[in-house]
1. Can you tell me which residue is nearest to B:His76 (Cα to Cα) among those in the range A:239-269 that are surrounded by 24 or more Cβ atoms within 10 Å (Cβ to Cβ) and charged (D, E, K, R)?
2. Could you tell me which of the residues B:Asp46, B:Asp88 is within 19 Å of B:Ile102 (Cα to Cα) and outside the structural domain of B:Ala174 (by TED's automatic domain parsing)?
3. Return a yes/no flag: does the range A:69-79 have any residue that is more than 14 Å from chain B (Cβ to nearest Cβ), in contact with a Leu (Cβ under 9 Å, 6 or more places away or on another chain) and of a type in the set (D, E, K, R).
4. It is to be established whether one or more residues within the range A:274-295 are of a type in the set (Lys, Arg) and facing chain B (nearest Cβ under 7 Å).
5. Please find, within the range B:32-55, the residue that is surrounded by the fewest Cβ atoms within 10 Å (Cβ to Cβ) out of those that are at the interface with chain A (Cβ under 7 Å from one of its Cβ atoms) and assigned to a loop (DSSP other than H, G, I, E, B).
6. Among the residues of the range B:12-32, is any of a type in the set (Ser, Thr, Tyr), within 28 Å of B:Gln153 (Cβ to Cβ) and not assigned by TED's automatic domain parsing to the domain that holds B:Gln153?
7. Can you name the condition, by its number, that A:Val327 falls short on among (1) under 25 Å from B:Arg81 (Cα atoms); (2) more than 14 Å from chain B (Cβ to nearest Cβ)?
Amino acid sequence: MPSHDVLIIGAGLAGQRAALAAAEGGATVAIMSKVHPVRSHSVAAAGGINAAINVADDWRSHAYDTVKGSDFLGDQDAIEIMCSEAPAEVMHLEHIGVAFHRNATGELDLRAFGGASMNRTAYVADITGQAILHVLYEQLMKHAHAIDRFEEWFTTSLVVEDGRVAGVVARDVRSGAMELFAAKNVILASGGAGQCFEPTTNGLICTGDGIALAYRIGAPLMDMEMVQYHPTCLPENGFLITEGARGEGAHLLNGDGERFMEKYAPNKLELASRDVVSRAEQTEINEGRGAGPRRDGIYLDITVVPRKRTLEALREIVNIGKDFAGVDITREPILIRPGQHYVMGGVKTDVNGRTPIPGLYAAGEVACVSVHGGNRLGANSLLDTLIFGRRAGEHAAARAASTRMPSPSRAYVRADESMIERIIRRPKEGARRVSEIKHELGTTMNEHVAVFRDEPGLRTALAVVHRLKAEAAVAYIDDRGTVFNQDVLAAIELGFMLDCAEAMVTAALERKESRGAQFRVDFPQRNDAQWLKHIDISRNGDGAPLVSYSAVTFTQWQPEERKY
Amino acid sequence: MAEFTLRLRRYDPGSGRAPYWDQHTVELEPHRSVLEAILQVKDRVDGSIGIRCSCMAAICGSCGVRINGQPGLACHTHLDRALACARDGVIEVEAMGNMPIIKDLIVDMEKVHWKKIRRVTPWLLPEGVVPEREHLVDRDAMVDVTQSMACIQCGACVSDCLTMEVDPLFIGPAALAKVYRFVGDPRDARERERLVDLAEDPHGMYSCTHCFKCIDACPKGVAPMSQIMRLRRRATSDWHIDDANNGRRHEEAFVTLVRDYGLLHEAELLPRSYGGNSWLGKFHPAAGKVLLESLPVVTKAILRGKVGIRQAMFGHKLPAQSLDQVQRIFDRVEGRPQRVEQNLYVSGEDDDGAARAADRAGRIEKAVTAQRSVVR
């Protein structure tokens, strides 16, 4: 049985950073991912990474912007850690090879981003996530002697013995073999749950695996109602147009050609925080001022950016515009609209990535520290993954030194083997296809748990989720093989997504106010007296999830009215 | 909506069945991707179809396949364009080449692609004290390496590399393109060592035969072959690395012959590459040896009419005026103070600001008017 001090599930930025930090801390480390590490969805992060590295900047300013962006729901101790450690982390990335683009004097160039009071976003064209992810993978290859890689291994469950984490059960996707992995510590770094929505900017792999795995062994989830809609996505398929476009100066125009952000955010305009811009766009569309043939979009006009600059710094979205919308963004405006992009909520952790379950850590989008609160600022997610990935890795490595290696029972493997066997043997009669259920979940969530929400819509969504849970339990699949049986994995993922969706809808119903990404049409005001607190969701057997509250941590900034 | 027929190459190693073709019809708009079509079949008809995919937007690099025999990303190929290249009105999709097939459209990238990537020491090797802040480096150098960094490791170039087909040990387009990402990076202190390593490797940078297939295959404009040529230019012109594979001498002989004759003089190429870059080269023992070794190939080429005996002996003749033009090209290119390299991310283009603003206002007005007429 493979045994490691630290076992990391997920090999995006948070996971790879955690692995490198844990190995540096002297631990034996393994990193496991259901896809090859460079396919992880961190690869799609485009615009950049925030850090107060300009000598005229101050991390406190970055922290304040983040607190304000979170609509004061972010925990300020965690935000202070993230922002104060950001410059050193970005420099570390630079030192190990990330080719950040430079200014005329050869220092890191910084671009403007939403909700930021000055330019503090370091970038590599508009492939920043890819550039960092690939460099971290280079480091994993370099440190192969210290870090075992299990690429294309799917985690089916977390193993808990005597109240603490003892390892995981996983399936080798390639052979179908099930294996038990003993570990003193498990770090979840498996990303978000965007596939609960359709369309979404997220890849097909973002199915909330880690969120559900932790939830199922009793770890509480936090801020699950906070789902970010990104202001600039292609209407048809949800593809992302980076915020970097607006950072470089692009304008948003409604169907009448008006630069409508003047009404909603007279100071920051297009660079207000994402929740504000998405709401403004949706308002324009709802009130009949949308653009495009069906008036259900908004124009993003990148032609105001010099063409040479666009070709150099926004090359990827030039391609996306050309290949997926048939538009040359350097010559004409492109039609966009808000689309699901990020889940602020996740597995509740402290500033070292620890969950309440001993030995279980989480970092990155799967986790909720909470540094993003009600709304994440653009270019803060890469930072979140790296800072808290590193901290979780360091902390887990230190904990390993004083922990005995568990030796979990093989019964856990047998249990998951028979779970998979049962899925494969489900009869076709009277059952729905997994893909059908997933599609209904996605469209339901996108209709009722979107930019604007109200109680009747959320109740509808909850009822649909409950029905789909029952249907998913008997949904049938076609593939009965062992080699690369993606069908059976999709059935397991569907279960993960439904757990995540139930938590999101439950929390959204609970929060009877409007804050950050949660806008309740029936409670349109922010209500600090009653709702300046986190909503925690815990599993309660097969019953309705348990709802509880936890306090928001304040250090130096008191809540104030949010204006951009 | 339109109907498209797909023919998928299926293979399940667990079934004991040989690979076979599997045909399905889908309904989708023509600008939807081949991946969306495959997923429609997978979702609605047969969930056992194996294909790696995630982002659907040509960023994650998972869905490398061959479509109508051409390598590329399934998510990056529109159905109408795929149909236009189909032989019999059916879009044919199969696994990539040069790598073992695991199942259906899924290949073993680990065994080929990643092994080759690991071969080239794929991480930055800086030297000296780690600076407190960032390395101060030239702005343009960082934009320049972005092209090779834009590689998403999809394997499309590896799939159809002709050299790899005959020499599976060839390091290959993806891994060599990755090297340029370090060689071109001013922070890397091992440029010379990296170049020597790849010049001396008998399956290294000089094994590329300039067939351009990887450039066609690459969905991200990395142009692997161009990156390989840049490695060679650095190895030869900048570092003067004389390699055991005769890569540098071969290149010099090639260039000299084209300058002197206007066209390649095939019979002179080998003797000059091995025996020295002049008319006397053929009298060198090394040249004799290689000429003897190549006799069977030469004979075959003559028999098949690829070369005439007269041409082989005396070379091609160009009119003096044309030769003069060739030489003017040489003078111009070699007379430049700096080498000019093609790069996707570095463009000289810029529009005149005022014209652009006026143009833009017109376009938006046009878009808005067009939309109003649709609404009405």
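1. Going through the qualifying residues, I end up with A:Glu243.
2. On the way: B:Asp88 fails: within 19 Å of B:Ile102 (Cα to Cα).
Of B:Asp46, B:Asp88, the one residue that is within 19 Å of B:Ile102 (Cα to Cα) and outside the structural domain of B:Ala174 (by TED's automatic domain parsing) is B:Asp46.
3. Of the range A:69-79, the ones more than 14 Å from chain B (Cβ to nearest Cβ) are A:69-79.
From the residues that got through so far, the ones that are in contact with a Leu (Cβ under 9 Å, 6 or more places away or on another chain) too are A:69-70, A:72-73.
Checking which are of a type in the set (D, E, K, R) leaves us with none.
No: zero hits.
4. Taking the range A:274-295 first, the residues of a type in the set (Lys, Arg) are A:274, A:279, A:289, A:294-295.
Still in the running and facing chain B (nearest Cβ under 7 Å): A:295.
Checking the range A:274-295: at least one residue is of a type in the set (Lys, Arg) and facing chain B (nearest Cβ under 7 Å).
5. Of everything passing the filter in the range B:32-55, B:Asp46 is surrounded by the fewest Cβ atoms within 10 Å (Cβ to Cβ).
6. Residues of the range B:12-32 that are of a type in the set (Ser, Thr, Tyr), as a first pass: B:15, B:20, B:25.
This time we only want the ones that are within 28 Å of B:Gln153 (Cβ to Cβ), so: none.
Taking every residue of the range B:12-32 in turn, none turns out to be of a type in the set (Ser, Thr, Tyr), within 28 Å of B:Gln153 (Cβ to Cβ) and not assigned by TED's automatic domain parsing to the domain that holds B:Gln153.
7. Against the list (1) under 25 Å from B:Arg81 (Cα atoms); (2) more than 14 Å from chain B (Cβ to nearest Cβ), A:Val327 comes up short only on (2).
Rundown of residues vs (1) among the aliphatic types (A, V, I, L, M); (2) surrounded by 20 or more Cβ atoms within 10 Å (Cβ to Cβ); (3) under 17 Å from the mean Cα position of the chain (by Cα), yes/no style:
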{"position": "B:Ala177", "(1), (2), (3)": "yes, yes, yes"}
{"position": "B:Arg192", "(1), (2), (3)": "no, no, no"}
{"position": "B:Ile215", "(1), (2), (3)": "yes, no, yes"}
{"position": "B:Cys218", "(1), (2), (3)": "no, yes, yes"}
{"position": "B:Gly221", "(1), (2), (3)": "no, no, yes"}
{"position": "B:Arg230", "(1), (2), (3)": "no, yes, yes"}
{"position": "B:Arg233", "(1), (2), (3)": "no, no, yes"}
{"position": "B:His240", "(1), (2), (3)": "no, no, no"}
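The values are calculated or read from the model by the stated rules, or taken from the named source; none is laboratory data. Small disclaimer: the values here were computed from a predicted structure and weren't measured. Methodologically, a virtual Cβ is constructed for each residue, glycine included, from the backbone with ideal geometry; neighbour enumeration extends over all protein chains shown.
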